[in-house]
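I have placed the structure first, in the form of structure tokens, so that the comments after it can refer back to it.
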Amino acid sequence: MVNFPYPFTILPSTLQSSLKDQFKAEEYKKSRRLYLQNQSTIDGFDLIVEGGYEGYFYDRNQQKRRLENYGPGTWFGGISILYNKGISLQTVDILPGTKILRLSKEAFWQICTEHADFKDHFIREFGERMLDEEFVHFIKGATYYPQQSNLTSDSFYTQQVGSLNPREIISCHISTPIREAAKLMAEEKTSCIFISGQGQDIVGYVTDITLRDQVIAKSVNPEAPIEVIMKKDIVYIDAEAYIYEALLLMFQTKTRYLLVKAEGDFIGFISRNKLLSEQSQSPFLFIQSVKQATTVAELKDKWAQVPAIVEQLLHRGVKSETVNQVITTVSDTIALRVIDKVIHDIGPAPSKFVFITLGSEGRKEQTLKTDQDNAIIYEDKANEQRELVRSYFLEFAEQVSDHLNTIGFSFCKGGFMAKNPKWTHSLSHWKRNYDEWMMESTQETVMKYSTFFDNRAIYGDVSILEELHTYMRSQLEEPLERFFFNMATNSLQYEPPLTFFKGIRTFTMGEQKVFDIKKAMTPIVDITRVFALKHQIFLTNTGERLEALAAQNYVTEEELQELKQAYYYLMGLRLDRQAQQIMLDKEEPRNFINMSSLTKIEKVTLIEIFKVIKNFQMKVKIAFTNTIF
């Protein structure tokens, strides 16, 4: 009999001695399949003596994923017994010449029941695994819904852009006459031609719509050089990016064509129509249908369909980070259609402006429980025009907010929306706002206005917001100890709901014991924001902020992985519960999680996540408040 590995060594010596007779030796001379993931009932708790097991998950293409080797001295089966009703979580193959010692499931379960510290070892290990994004993906894949449609086709999330065989780039020189460029487009049967500069670099492009709107509609001389009508907002993507990333980029940049780059060179281009035709049942075709909606009633109907899409995406194991992007893209698209409608109804704006989103929408982390968080910044005008300009934008904001409320984006209870005259102002006025919040900050003002540091442009002249960010950057170079102290203190207001004995703290709502998952996530958002501002990182998305901080060595790679996995696990749980509340319970979505609705797996994972958050809060205490108390 081999020596017991940890955690058996923490058991009473008398029990260890008696266990020697309960372990049964098994020997496998040849390799073979032992278990199939989520189908095979395991035979018991196995200790590897010689040889080993190879554990992995099959993806939907029957490819092996997340390989693990279980060698001599390791064990297999504890987690499956405790948390998966004795069904093997992984597919397991036996290596030739393997010898094991097997304890029955009943005996293992009894030890766990009687010795909490022994069981805690497996709880901790499983909790740590559940912070691994790929492991979570396959665990959630166990709850596959066979009745689902192809709406969430896996190829969307596994197929790379380069596999679509991007079309060869058709180009002409900037001096080429418009007529000749149009002739070339007709010969090549392409709706887009790219324009090269002096060094053959691509500097712009022209589409068939450009020819219609800029040449025919405006009676431009067809002999003029193509340069005079070309668009310069070139957008490209790497060939190794995924299809969903390409489509999200297209919708977010409002472009119909993407150049594809490999190893630093452009190798071709793809059109949005090609991507959508390749994925005819995808959620992105739904986004395209939102873009084509023409009335507020249609947009309301589209928004009502989003919970079903979210539910399907989550149950297919799609990352919550991606689901956030889908929700945000739909939301942005609806806002753009509303803004276009209002401008059509009341006439063009009298000055340049930018419509910005704030808070969770500004961070691209929108959920199904959402209200309006937005504002308007318009350019400074001469005194005699100020009242006219302000009057227009207040009317504009009123109509946009009213339409969004009708669609399902309720008015912000705190009044942080463009409909409130406080948040529709000139650029100079906005600069004074940030002056006050940063230079004369109190804990109350930082808490109240922190949402304005999560801003993102979705319509209008982006350079206005960029100018505000430039101004903010110069302000952040000043000594702002009080500002960062207050912002850091604010980020410590919400403590993870851990009890003294490392359980989950709840409160009673009706007959249910619940906790607020939004408040549980808030520390990660707040702390990431304060670190990002401290180091002048003006990204707004929490994941992107963390990656930028890690790239500049302000957080470690380990902290990056732990925090991202923790944050997006919580986000996935939050979105899943909200979708269920809308689809199944037919009620308004909430941020309260009923403890009785959680599986053992979810409870264990949450406890590990809350420990990660508490450690992160300690980091901000030391960095900004010079105290650990």
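The values are calculated or read from the model by the stated rules, or taken from the named source; none is laboratory data. Quantities reported herein were computed from a predicted structural model and do not represent experimental measurements. Quick reminder, even Gly has a Cβ in these numbers, built from the backbone with ideal geometry, and neighbours come from all protein chains shown.
General remarks:
- Scanning the range 213-248 for residues that are assigned to a helix (DSSP H, G or I) and farther than 14 Å from SER175 by Cβ returns ASP213, GLN214, VAL215, ILE216, ILE243, TYR244, GLU245, ALA246, LEU247, LEU248.
- Residue within the range 58-69 that is touching a residue at least 12 places away in the same chain (Cβ under 8 Å) and crowded, with 21+ Cβ neighbours inside 10 Å present: no
- Index of the failed condition, PRO12 passing every other in (1) closer than 25 Å to GLY97 by Cβ; (2) more than 38 Å from the chain's Cα centre (by Cα): (1)
- Given (1) of a type outside the set (Lys, Arg); (2) more than 20 Å from GLY317 (Cβ to Cβ); (3) in contact with a helix residue (DSSP H, G or I) (Cβ under 7 Å, 6 or more places away or on another chain); (4) at pLDDT below 90, number of the condition MET583 does not satisfy: (2)
- Any hit, the range 522-541, residues being touching a Pro at 6+ places or on another chain (Cβ under 8 Å), touching a residue at least 40 places away in the same chain (Cβ under 8 Å) and among the hydrophobic types (A, V, I, L, M, F, W, C): no
- Verdict on LYS85 being within 32 Å of the chain's Cα centre (by Cα), among the basic types (Lys, Arg), within 25 Å of ARG32 (Cβ to Cβ) and not assigned by TED's automatic domain parsing to the domain that holds LEU598: yes
- In the range 351-387, the residues that are at pLDDT 90 or above and part of a helix (DSSP H, G or I): GLY359, SER360, GLU361, GLY362
- Each residue in the range 300-351 was checked for being touching a His at 6+ places or on another chain (Cβ under 8 Å) and within 30 Å of HIS425 (Cβ to Cβ), and 3 of them qualify.
- Residue within the range 508-517 that is surrounded by fewer than 18 Cβ atoms within 10 Å (Cβ to Cβ), of a type outside the set (Asp, Glu) and in contact with a Phe, Trp or Tyr (Cβ under 7 Å, 6 or more places away or on another chain) present: yes
- Filter result for GLY317 (closer than 30 Å to TYR242 by Cα and of a type outside the set (Asp, Glu)): yes
- Hits in the range 475-491 - residues which are under 30 Å from the mean Cα position of the chain (by Cα) and either over 12 Å from GLN536 (Cα atoms) or hydroxyl-bearing (Ser, Thr, Tyr) (or both): PHE483, PHE484, PHE485, ASN486, MET487, ALA488, THR489, ASN490, SER491
- Of the residues TYR378, TYR392, the single one that is aromatic (Phe, Trp, Tyr), surrounded by 24 or more Cβ atoms within 10 Å (Cβ to Cβ) and in contact (Cβ under 8 Å) with a residue 24 or more places away in the chain is TYR378.
- Test: residue in the range 492-503 that is under 20 Å from ALA335 (Cβ atoms), surrounded by fewer than 13 Cβ atoms within 10 Å (Cβ to Cβ) and basic (Lys, Arg): no
- Residue among ALA217, ALA181 that alone is surrounded by fewer than 16 Cβ atoms within 10 Å (Cβ to Cβ) and over 16 Å from GLY268 (Cα atoms): ALA217
- Number of the condition not met by ILE169 [criteria: (1) at pLDDT 85 or above; (2) assigned to a helix (DSSP H, G or I)]: (2)
- GLU547 falls short of the stated requirement of being in the same structural domain as LEU606 (by TED's automatic domain parsing), at pLDDT below 90 and either acidic (Asp, Glu) or in contact with a Gly (Cβ under 8 Å, 6 or more places away or on another chain) (or both).
- Qualifying residue in the range 92-113 (condition: part of a strand (DSSP E or B) and closer than 24 Å to THR605 by Cβ): yes
- Among the numbered conditions (1) at pLDDT 90 or above; (2) under 22 Å from MET521 (Cβ atoms), the only one that PRO348 does not meet is (2).
- The number of residues in the range 422-468 that are under 19 Å from PRO350 (Cβ atoms), among the hydroxyl-bearing types (Ser, Thr, Tyr) and outside any helix (DSSP H, G or I) comes to 3.
- Residue count for the range 474-529, restricted to those that are part of a helix (DSSP H, G or I) and among the acidic types (Asp, Glu): 2
- Residue within the range 578-595 that is in the same structural domain as GLU481 (by TED's automatic domain parsing), of a type in the set (Asp, Glu) and assigned to a helix (DSSP H, G or I) present: no
- Sub-7 Å Cβ pairs linking a first residue in the range 124-144 that is modelled with pLDDT under 65 to a second residue that is not in a helix (DSSP H, G or I), at least 6 apart or interchain, are LYS140/GLY317; GLY141/GLY317; ALA142/ASN38, ordered by first then second residue.
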